[in-house]
Structures are given as C-alpha cells and as structure tokens.
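Chemist: Dumping the structure here so I can ask a few things about it.
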C-alpha cells in the first residue's frame, strides 16, 4: 500500500479561504469522492443567483432576500473551516491527515490564512445577519401597513 500524499495545513487553510464556498478544501483533503465537498456547490450557486437577481431586479425582489443570506452563510462556514485548519496544532494535523509521514512545521502561512478568514468571515456573517434582519423587518412592516390600510374607517 502506498502512503497518501502529504496534506499541507497551509494549503488547506488557503483553499478554504479562496474556494471554501465551493468545497475546494474538502476536495483537497478527502478527494473527489467526498460528498460533503460537492454539497457546497449548490447553496453557493443559490446565493449567487440571489445576488444576480438583486442586481437585476433591485432590492424589492423578495426571492433575492431569501437567497443572498445563503451565500453569506456559505462564506462564513468556509472561513470557519480555514480558522479551524489554521489553528489546529501541527502534531494533530499530521496525525490526522499525514499518518506515517515525517511531521513538518507550517510556519506563518496558516496564521495569515486565519487572519484573512477572520476578517472576511466576520464581515460576511455580520452583513448577512444585518441584511436578513433588515429585510425581515421591512417585510413585517409591509404586512402591517397592508393590514392597516384594509381596515374600515369610522
């Protein structure tokens, strides 16, 4: 049996930052047979469709209100993976992903990926919560206005 190729913690963390919404980090670590990696694509595309709809139809498109937060959550989960990968101790990383191979020190690469992931992930998550909350309350306000305008006057 041939040993599996070395899995770099630095590369895994940066793949999660750059292409984590599409599951690139999981494809790198677990191969093309990983079903969870392929499940990243659909929600990311659904969220991207929401962004395109809003650009085309404007902010009043309710379907885009529902789709855009999906993209924000996919970005946030990808950044969370990058943070977990980058902060995993080298010994644990090597025992999990590189059994039987010579341990290697990773240096600053994963630390820089964690910094970028924290910035991008926090921004995406806060923006998603703010956008979703704003649209939810606007939707509630529209319902209240519609009910008050349909009430009979005395």
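Chemist: On the basis of being in a loop (DSSP other than H, G, I, E, B) and over 30 Å from residue 5 (Cβ atoms), does residue 102 make the cut? Show your work before the answer.
Modeler: Values: in a loop (DSSP other than H, G, I, E, B): yes; over 30 Å from residue 5 (Cβ atoms): no.
For residue 102, the condition - in a loop (DSSP other than H, G, I, E, B) and over 30 Å from residue 5 (Cβ atoms) - is not met.
Chemist: Search region 105-116 for residues being without any contact (Cβ under 8 Å) to a residue 24 or more places away in the chain and outside any helix (DSSP H, G or I), and hand back the single one that is nearest to the chain's Cα centre (by Cα).
Modeler: The first filter runs over region 105-116 and keeps only residues without any contact (Cβ under 8 Å) to a residue 24 or more places away in the chain, leaving 105, 108, 112, 115.
Subset that is outside any helix (DSSP H, G or I): 105, 108.
Working: 105: 27, 108: 23 Å.
Result: 108.
Chemist: Given the options 75, 83, 68, 49, name the one that is free of Cβ contacts under 8 Å to residues at least 24 places away in the same chain, touching a helix residue (DSSP H, G or I) at 6+ places or on another chain (Cβ under 7 Å) and surrounded by 14 or more Cβ atoms within 10 Å (Cβ to Cβ). Before the answer, list the steps.
Modeler: Working: 75 fails: free of Cβ contacts under 8 Å to residues at least 24 places away in the same chain; 83 fails: free of Cβ contacts under 8 Å to residues at least 24 places away in the same chain; 68 fails: free of Cβ contacts under 8 Å to residues at least 24 places away in the same chain.
Sole residue among the options that is free of Cβ contacts under 8 Å to residues at least 24 places away in the same chain, touching a helix residue (DSSP H, G or I) at 6+ places or on another chain (Cβ under 7 Å) and surrounded by 14 or more Cβ atoms within 10 Å (Cβ to Cβ): 49.
Chemist: Which one of the conditions (1) farther than 13 Å from residue 69 by Cβ; (2) at pLDDT below 85 does residue 136 fail to meet, given that it meets all the rest?
Modeler: Only one criterion in (1) farther than 13 Å from residue 69 by Cβ; (2) at pLDDT below 85 is unmet by residue 136, namely (1).
Chemist: A follow-up question, please. Here is a list of conditions, (1) exposed (fewer than 15 other Cβ atoms within 10 Å of the Cβ); (2) within 21 Å of residue 117 (Cα to Cα), and residue 28 meets all of them except one; can you say which number that is?
Modeler: The failed condition is (1).
Chemist: Please list, ordered by residue number, the helices (runs of 4 or more DSSP H) wholly in region 1-89 having 1 or more residues that are under 11 Å from the mean Cα position of the chain (by Cα).
Modeler: Values: elements: 9-19, 24-30, 35-39, 41-57, 62-87.
Fully inside region 1-89 and qualifying: 9-19, 41-57, 62-87.
The values are calculated or read from the model by the stated rules, or taken from the named source; none is laboratory data. Bear in mind the structure is a predicted one, so any value in this text is a computation, not a measurement. Methodologically, a virtual Cβ is constructed for each residue, glycine included, from the backbone with ideal geometry; neighbour enumeration extends over all protein chains shown.
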